[in-house]
Amino acid sequence: LELRNFLAYRECDPLDFSGLRTVCLTGDNGAGKSSLLDAMTWALWGQARARRDDELIAQHETEARVALTFSEGDQNFQVVSTRKLGRATGRGRPPGSSGTLDLLVQNEGGWRSLSEPRMSETQVKIERLLNLTYETFVNSAYLKQGRADEFTLRTPAERKGVLAEILS
């Protein structure tokens, strides 16, 4: 996991989870544990705790970048998500912003792009590759801060749908 100007993480060394089956993030409140999980979910599904992606950019910075490298089957993939603030347009409006989402696969010569022309199309490709939607992830594997009851608040039909997706 590589982070640059993402929430409180400015320039930091990459986090290497290779060879780890289970990871426990511990630390004081405000230490950045949830931010690491937000970085992963933002890279993979474009979802984080923030109301808007612009809020994920570290204070006083104009661009954030998250790169998550992972294995699926016998192949290595990398998802790179960026967000960049534009210039203020005047008239009291906030500056515009833009983002990118890239999906790469590793081969003998390095990394090859699998990205589609539109971010939404690349997002669909990532979800197909993972065989996991954000909703299924947060209802089965990830307890969001203050939302441990996410699954139980679903209707019976929604819970059945989540379980069906998990169990294929």
**Q.** Where a label projected 7 Å from the Cα of SER98 along Cα→Cβ would reach, residues of segment 116-136 with amide N under 19 Å
**A.** 116-123
Q | Computed E for ARG159/ARG52 - FRET, C-beta separation, R0 45 angstrom, nearest 0.05 | A | 0.95
(Q) Give me the extension gain from VAL23 to GLU108: residue separation times 0.36 nm, minus the current Cα-Cα distance, reported in nm with one decimal. (A) 27.6 nm
Q. What chymotrypsin sites (Phe, Trp or Tyr not before Pro) in segment 6-63 are in a loop by DSSP, with at most 15 other Cβ atoms within 10 Å of the Cβ?
A. PHE17
Q. When the solvent-accessible surface of protein heavy atoms is calculated with a 1.4 angstrom probe, in what order do LYS125, LYS84 fall, highest first?
A. LYS84, LYS125
**Q.** Convex hull volume per residue for the chain, taking Cα atoms only, in Å³
**A.** 169 Å³
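The values are calculated or read from the model by the stated rules, or taken from the named source; none is laboratory data. As the structure is a prediction and not an experimental result, all values here were calculated from the model. When we count neighbours, we look across all protein chains shown, and the Cβ atoms used for this are built from the backbone with ideal geometry, even at glycine. Keep in mind that these areas ignore ligands, DNA and RNA; they rest on the heavy atoms of the full protein, side chains included. Shrake-Rupley method; radii C 1.70, N 1.55, O 1.52, S 1.80 Å.
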